[in-house]
Amino acid sequence: MALCIPNTMDLNDFLMDIDSGKTNDKEIESFCQQCQEIDWPTALEGGMGRNGNGTKVIRIFEKKSRTELLNSICRVCRLVGHLVNPDIPEDAQLNVCLETSNDLAHSRPSQHPTPVKLAVRSPANDSTRIRGYKIDYTRFIIHFSSRDDEDVNIRILKPSQVNFDFFKEILLECLDEHKECQSQGPEVAELKVIDVDTGEVRQAPPSCKYAALSYVWGDNASRSTQKGFPPVVQDAITATKALGCQYLWVDQYCIDQDSSHKKLMIQKMGQVYANAWVTIIAASGSSAHDGLPGIGGSQRYQGRVDIGRNRLIEASSVGSDTIRLSKWATRGWTYQEGYLSKRRLIFTDKEVLFLCNERLLKETQWGDVVDPYKAMNPKSEFSSLGDDHDSRIISSFDWMRPPLVGTYLEDEEIGLLIEEYSKRNLSQDCDSLDAFLGILKLYRSNHFWGIPLELYNGGSVYCGLIWNHQSIAHRRDGLPSWSWSGWGGPVKFSAPRYQLHIQSPPLEGFGNRTIERILQTSVLRRDKTIDLKLVPGLHRKSSFSEVSSINSLLSELEESDESAESCVSDTLHDEDPKELSITSFIVPLRFRKVDTYPGVLLTLAVRPGVFLCTPVHFDREYNSESHKWGLVLPSSGKYSQSWDHYNIIVLHPIADGKYERAGIVTLLYDVSTGFIKSKYPTDSASPCIYLDALDRVIGRGDGSNVYKGPPNEHFFLNGSRWETVCLV
């Protein structure tokens, strides 16, 4: 088929390539033979495919590598190559499909031409073949018969020039109109800033309007002296000027290293970013040597081709996942820097995003429709907002910003934030808690070395000690093993109702029976021992004065602005012992190997001669010589006659009769029936297994064949003793 050119168009119009913004190619040969043979006006009409599924194949690019497509003389092939899965080896021979799709997110007004959505489908990472939308790597092109890009909500991107006029305008709108984005914190004392006109570091003037930079330091070579800023700082200075701001805050230059000023600023780091006029986030680079794309860094590329009076332009695919996959999103300190900021300019390789606490806008879009052509596949871990595509896109950024003011913060929210933070990496172990303090302060969370302590329904104290690692973690020196902050590696928190709830003692005192036992917990702070079991006792009558007393006692453990240095401000030099004393049952541990499971299993006696096998979430490698005892923590804080979660912390002995934590297992136990099972995730590798005294398998699954006869009250505690354990 010959190249089809409408009679109303001349050849020059038809073959105008704006890929570089300069070239007017007058040769038909600038299309490859296959693309010349496509009846473009018909192909770009849209409409349903023959099978009625809303797609129509324009071309299959068979056995083409990404390199071949990108180096082609054909402008369409180059555009398609630009949208092929970049994670597949560039020389791998692939099949790629270009097709139309009618899946538009919104209807255009009748006076505007109706755009057509094209899909470029290339193989997923583990294949060289295309298999379907739900499997393939898919990017989109929008076709429209207009040269007015605003008609279709797409803005033309300039490769080496960020549209700062646009961002300056929306920054001012945010400051004027968004209640959620107003800074409510005090000014940061002793704040230093860079004057972008002179490059000098100076004391910030009163009510200072400043931009803050959030970036990845990289290796030591990136940490240059104050003379000669690295590229990312130079570009941030350029951006700050272009936005009409005189001052820039950069940690490396605005904190006096190895001084009391550093200690103060670490405590105030969250407030530095919360107070910033805007935070510039370098989500594109891996070190300070990488400049900001569109300024001094790499050029951005927005694929586009003109075919006569028709335009093909790449639809933005930049979203939450783009940032999650960046080096910036792997670093510990950057978590609170992004989360606590009110307004964020996020520099990616493709374009710049504006994200405030109420709004999301892109450099390549007109108006407030975030993703008008459904070019992204949004995922949100913290929200479930139904089928509204735009809302789901915005919600997918919830991991980067706090909930709206007035939104009820669920008890588990702080645990979810810790989980998100724990996935990140830190260069210095001692930063583990410091880099999260700003978020703890934002939610006014009472905590002790990062462990949440809050009043809970019914007057108990919720103590967030029940968390686990899915794999062996890295032990951080100088921080307590019973806190998540003492380990490097992702953690998973149990829901608040299954956490440890510290109860007040009964007025008549302790009895001799197991079910009358209530565990006791105390912490050391400076020269005082705080007995947490007394806190809920004050709450029995629920009077206003007594509730205030509870909060006052809890504030002994809280990192307030006035007492921030007293507990955890500088963890490696703090003289307070990092000790937690718990009085409860400790139980002897019996580990065995079973052929159907790759690791060791903890075995617990559930009936005479019958043992339940359960996997353990180990924090450190199992040691048969050391891991002989476990500290039992019932979630209710007492050994009762009702159903409960029983958590067993595997104890790792160290010097002076103290213990570190080595792992944890959670059991579901019903005293009335004697039924007990592991709360470990059930899968093919870890079913419930029951052994006899000779370690022979005698049952699997729900254990219906082993739970016979009358229940034995707390039988799994046989051989245990009631004593005080000091965890460090």
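The values are calculated or read from the model by the stated rules, or taken from the named source; none is laboratory data. Because the structure is a prediction, the values reported are computed rather than measured. When we count neighbours, we look across all protein chains shown, and the Cβ atoms used for this are built from the backbone with ideal geometry, even at glycine. Protein only, heavy atoms only, side chains kept; ligands, DNA and RNA dropped before computing areas. Shrake-Rupley method; radii C 1.70, N 1.55, O 1.52, S 1.80 Å.
The solvent-accessible area of residue 666, taken with every protein chain present and a 1.4 Å probe, is close to 30 Å².
Counting 0.36 nm for each residue step from residue 692 to residue 472 and taking away their Cα separation leaves a gain of 76.3 nm. In terms of packing, defined here as the mean over residues of other Cβ atoms within 10 angstrom, the peptides 470-479, 86-95, 64-73 line up highest first as 64-73, 470-479, 86-95. If R0 is taken as 22 Å, the Cβ-Cβ distance between residue 625 and residue 658 corresponds to a FRET efficiency of 0.80.
Ordered from highest to lowest accessible area with the whole protein assembly present and a 1.4 Å probe, 333, 328 read as 333, 328. Using a probe of 1.4 Å, the accessible surface attributed to residue 190 totals some 100 Å² when neighbouring protein chains are kept in position. The string of couplings for the range 68-83 from the Karplus curve (6.51, -1.76, 1.60, θ = phi - 60°) is 4, 5, 5, 9, 5, 6, 7, 5, 5, 4, 5, 4, 5, x, 5, 9 Hz, one whole number per residue in order, with x for Gly and Pro.
Listed peptides 270-276, 590-596 appear in the order 270-276, 590-596 once ranked by packing, highest mean of other Cβ atoms within 10 Å at the front. Relative contact order for the range 250-404: 22 percent, from Cα pairs under 8 Å spaced at least 6 residues apart, divided by residue count.
Each residue of the range 693-700 was assigned a 3J(HN,Hα) from its phi angle through the Karplus expression (A = 6.51, B = -1.76, C = 1.60, θ = phi - 60°), giving 5, 9, 6, 8, 5, 10, x, 9 Hz with x at Gly and Pro. Measuring against 22 Å, Cα to Cα, the residue pairs 423/677; 168/342; 268/658; 350/374 contain 423/677; 268/658 as the ones spanning a longer distance.
Ranking 658, 423 by solvent-accessible area of protein heavy atoms (1.4 Å probe, all protein chains present), from largest to smallest, gives 423, 658. Under 5 Å between amide hydrogens, built in the peptide plane, is the criterion, and for residue 679 it picks out 666, 667, 668 among residues at least 5 positions away or on other chains. Can you tally the net charge around residue 480? Count Lys and Arg as +1, Asp and Glu as -1, for every other residue whose Cβ sits under 10 Å from the Cβ of residue 480. Computed value for this residue: +1. Determine the sum of side-chain charges near residue 286: Lys and Arg each +1, Asp and Glu each -1, restricted to other residues whose C-beta is under 13 angstrom from that of residue 286. Net charge around residue 286: -1.
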